[in-house]
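Participant: Okay, handing you the structure first.
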Amino acid sequence: MKILATLQNNDIAPRFDLATEVLIAKIVRGKISGEPRTVLLPGPGSDALCSLVIREEASLVICGGIEEAHFQYLVWKKIEVIDRVIGPAPQAIALAIAKQLRPGEIVRPTIRLETERR
Amino acid sequence: MSENEKINCFSPDLLEVLNGVPHGIALVDRDLRLIMMNRFLEALTGYSGEEACGLYCDYVLHSSFGRNMPVLRQAVESGVACSGEGDIIGLNRKKIPMRFTATPVVEPNNGRQALVLVLEDVTAFQEIDRIKEMGPAKGLLGHSPKMQEIFELLPILAHTDSSVLITGETGTGKDLLAEAVHQASKRSKYPFIKVNCGALPESLLESELFGHMRGAFTGAHADKHGMFQLAQGGTIFLTEIGDLPLPLQVKLLTVLDDREFFPLGSQKKVKVDVRLITGTHRDLRQLVQEGKFREDLFFRLNVLRVHLPSLRERDGDVRLLIDHFLQMFAASFGKKAKRLSAQALRLLGSYAYPGNIRELRNIIEYGVNICRGEVIEVEHLPPYLLAEAGKKPHAKVVPEPFAAGSNTTVGEVIPDNASSWSAIEKKKILTALMQTGGSRAAAAKALGWGRTTLWRKMREYDLG
C-alpha cells in the first residue's frame, strides 16, 4: 500500500488545496519500504492533487483541512482520508502505519520513523 | 514560559467574555503561535484551546493565508490593527470566507506583545455582494430612485426563504421581479414555476396546483403532479393571487403552514419544500374587508411586501426603457430603426401608460415594425396615443403640434388599447380585405405584401 501525505516543510500541509508538495511512502508488511518520495507539484490545487493520488494508487491520504467535495471524491475512489492532522509528516505516517492516526490528530514530534531494513 | 502559564496569564473573566462573543477569537504570540482561543473558534476548528496551544495558528485554523499570515505579520510589525479577507476550512470540511482582524496587545503579567485575532464569518456579505455584482435582474431596468430601492431590496429578498408578496399595477414587471428573486436565491438551480390563479376555474386550478390521482374525477386518466410538486426545492410564483377562489385559499394556507398536502383523490400526503412568491394588482386588504380573501392567508403571504411603482412614478425610466426596447426589437426584427424623433419622444414622455411597461413595449414594437427608416416619427406610433394625449386627464403635457389630428396611413387601424403586434397586424389584414371588397390580391397590394405573405399571415391568424 502507499500513503500520501501533503507536505509543508516537514509538516502535514494545513490545507489540501494549497499544498504544493507531497510525501509518498510505500508500505510493505507494516513498514516503510525504501526512502519515502517527495513530489513537488507545479502549483496548488485540489483537483490536480486528487489526480496525483489516483495516479500514484495511494490507498491512504494524510492531510490538513480538506473540502468535503474532494474528501468525498477520494472516499468514493476507495481511498482512506485522515484529515485535519497537525504535525510532522513522518511521525503522522508512522502513526498511520500503527493504525493510531485519527482525523484531527495533533502529532507531537516524538515518534521515530521506522524504515524497513534491507 | 510554559503553554499552561501562557493560558493562565489571562484572567478567567476575560476568557469568559471572549467565549460569549459570536466570532472566532484567538490570542497569538509574536511568532504566530496560539496562546488561547475562544469556544466559538474551538467549535469551528474542532481543536480544543488547550491542545492547540503553542501550535502555529495557520495549522489550527487551516487558513488560506499560509504560514506567514500576512495580516498578522503586518500587525506585529506595524503595531497597529490590520485586517484582511481569506478563508478557513472548518471542522465540517466547509470552506468558510472570513475577515481576519489582528490587533496588537500587550500580554498582561509579562508585558510581551501578542495579537488578538478575530475571525468574522463573511459568507452572508459575500453572498449579497455576489448578487449585487450580478446587477439588476435580467429584464428589470430602471434608474429611477424607486427602482433603485427595489434593486437594493432584491438581495435581501433572495437571501431569505420567507414569502414575498409583490404588488403593483398591471405591466409593472411583477413576474420579472419574482423570477429575479428566484434566480438570485439559493434555490436558483431548482425550478421556478409560475401559475396564474386567475386563468383557470377552481376545480382545474386545484388539480394544477396540487396534482391529482388517477380516477380522482372524470377525465383524470393518470396520476398528475401538481405545480407545487414540480417546483420541489425551487420557487412557485402564484400571480393574480387575489383571484384565488376561497376554498383553495384554505388549502394554500395549509400548505404554507404544514409544507404538505393531499393531491386530489389521494390519501397519501405529499411533502414539499417550495418557496412561495405571490403577485397581484389588486388591493388584498380591501378584498379581505369585502370577505373575498382570507385574512389569515393575507397575513401569511404578506411577510415581505414589495410594491412595484407604475411607469408614471418612475422618473426618467421611460427614456431608458424606450432605448432598450428599440434596440431589442430592431435587432430582433432586423429593422433599421435606430432612434425616435424629438416629437415622438415628447409624445411618449407625456403619455400616462396605464398599461405600464407592457404597454410601452408594445408601442415600441409597433413603431419598429411600422417604421421603414432609421427614425421613428410620431406617425409610426400607434395613433391612439395622440387621441389619448389630447383627452386623458392623466397625461402630463399635451404637446401642441400633436394635439390635433394624426397622420394615419390608409389601411392603418387604431387599436383599442395596447394590443400586441399580432393583433394589430390581424386588424390591418381585416381592414385591407374590407377596403378591397375581399380581394386578396388587392389587399396584399395595399398592404405592400406578396400574395403568399398575405395567405401565410391569414392562415397564421386563422382568417382563412
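The values are calculated or read from the model by the stated rules, or taken from the named source; none is laboratory data. Because the structure is a prediction, the values reported are computed rather than measured. When we count neighbours, we look across all protein chains shown, and the Cβ atoms used for this are built from the backbone with ideal geometry, even at glycine. SASA here: full protein model, heavy atoms, side chains in, ligands and nucleic acids out. Shrake-Rupley method; radii C 1.70, N 1.55, O 1.52, S 1.80 Å.
Participant: Using a 1.4 Å probe on protein heavy atoms only, how many Å² of accessible area do B and A hide from each other, summed over both chains and rounded to 100?
Facilitator: Working: alone 23880 and 6940 Å², together 29040 Å².
Approximately 1800 Å² gets buried when B meets A.
Participant: Return the whole-Å distance between the Cα centroid of the stretch B:208-266 and the Cα centroid of the stretch B:28-81.
Facilitator: 54 Å
Participant: Also, quick follow-up: Taking a probe of 1.4 Å, how large is the accessible area per residue of chain A, in Å²?
Facilitator: Numbers: 6030 Å² over 118 residues.
Accessible area per residue: 51 Å².
Participant: For B:43-51, what's the mean count of beta carbons from other chains sitting within 10 Å of each residue's beta carbon? Intermediate values should be presented prior to the final figure.
Facilitator: Values: counts 0, 0, 3, 4, 4, 1, 0, 0, 3.
Per residue, the number of nearby Cβ atoms from other chains is 2 on average.
Participant: Working from Cα positions, state the angle (0 to 90°, nearest 10) between the long axis of helix A:46-55 and the longest principal axis of chain A.
Facilitator: 50 degrees
Participant: 5 Å is the cut-off here: which amide hydrogens, built 1.01 Å from N in the peptide plane, fall below it relative to residue A:19, excluding neighbours closer than 5 in sequence?
Facilitator: The answer is A:45.
Participant: List the residues, sorted by chain then number, that are 5 or more residues from residue B:113 or on another chain and whose placed amide H is less than 5 Å from its amide H.
Facilitator: B:107
Participant: Counting only DSSP beta bridges with both residues in the protein assembly as shown, tell me the antiparallel percent, nearest 5. Don't skip to the answer; put the middle values down first.
Facilitator: Values: 48 of 78 bridges.
Counting only bridges with both partners in the protein assembly as shown, antiparallel ones make up about 60 percent.
Participant: Can I ask one more? Quote the accessible area belonging to residue B:243 in square angstrom, nearest 10, computed with a 1.4 Å probe and with ligands, DNA and RNA left uncounted.
Facilitator: Spelled out: residue B:243, probe radius 1.4 Å, area about 50 Å².
Participant: Within 10 Å, count the other beta carbons around each residue, average over each peptide in B:336-345, B:225-234, and list them highest first. It would help to have the intermediate numbers written out before the result.
Facilitator: Values: B:336-345: 16.6, B:225-234: 19.0.
Ranking the peptides B:336-345, B:225-234 by packing returns B:225-234, B:336-345.
Participant: Provide the per-residue ³J(HN,Hα) series for the stretch B:279-288, in order, calculated from phi with Karplus coefficients 6.51, -1.76, 1.60 and θ = phi - 60°, each as a whole number of Hz, with x at glycine and proline positions.
Facilitator: Along the stretch B:279-288, the couplings run x, 7, 9, 8, 8, 5, 4, 5, 4, 5 Hz.
Participant: A further question follows. For residue B:87, what residues show an amide H to amide H distance below 5 Å, using hydrogens built from the backbone and excluding near sequence neighbours?
Facilitator: Distant-sequence amide H within range of residue B:87: B:64, B:65, B:98.
Participant: Taking each residue of B:52-64 in turn, how many C-beta atoms of other protein chains fall within 10 Å of its C-beta, and what is the average?
Facilitator: On the way: counts 2, 0, 1, 3, 4, 1, 5, 13, 6, 3, 13, 4, 5.
Shielding by partners across B:52-64 averages 5.
Participant: So, one more: How many percent of all Cα-Cα pairs in chain B sit more than 32 Å apart? All intermediate terms of the calculation are to be shown ahead of the outcome.
Facilitator: Values: 66194 of 107416 pairs.
Percent of Cα pairs beyond 32 Å in chain B: 62.
Participant: Which residues of the stretch B:86-105 end up with at least 50 Å² less accessible area in the presence of all protein chains than when their chain stands alone, using a 1.4 Å probe?
Facilitator: B:89, B:93, B:95
Participant: Which longest run of chain B has no exposed loop site in it, a site being GluC sites (Glu not before Pro) in a DSSP loop with at most 11 other beta carbons within 10 Å, and the site itself not part of the run? Kindly include the intermediate steps, with their values, before the conclusion.
Facilitator: Details: sites that count: B:290, B:374.
That would be B:1-289.
Participant: Output the pairs from B:271/B:292; B:224/B:269; A:78/A:99; B:427/B:457; B:174/B:224 with a Cα-Cα distance over 19 Å in this structure; if there are none, say none.
Facilitator: B:271/B:292; B:174/B:224
Participant: Taking each residue in A:95-106, count the Cβ atoms of any other chain within 10 Å of its Cβ, then average. What number comes out? Walk me through the numbers before you get to the answer.
Facilitator: Numbers: counts 0, 0, 0, 0, 0, 0, 0, 0, 3, 5, 0, 8.
That works out to 1 on average.
Participant: I'd like the carbon and sulfur percentage of the solvent accessible area for the stretch B:129-309, probe radius 1.4 Å, heavy atoms only, ligands and nucleic acids excluded.
Facilitator: Numbers: 4660 of 8920 Å².
C and S fraction of accessible area: 52 percent.
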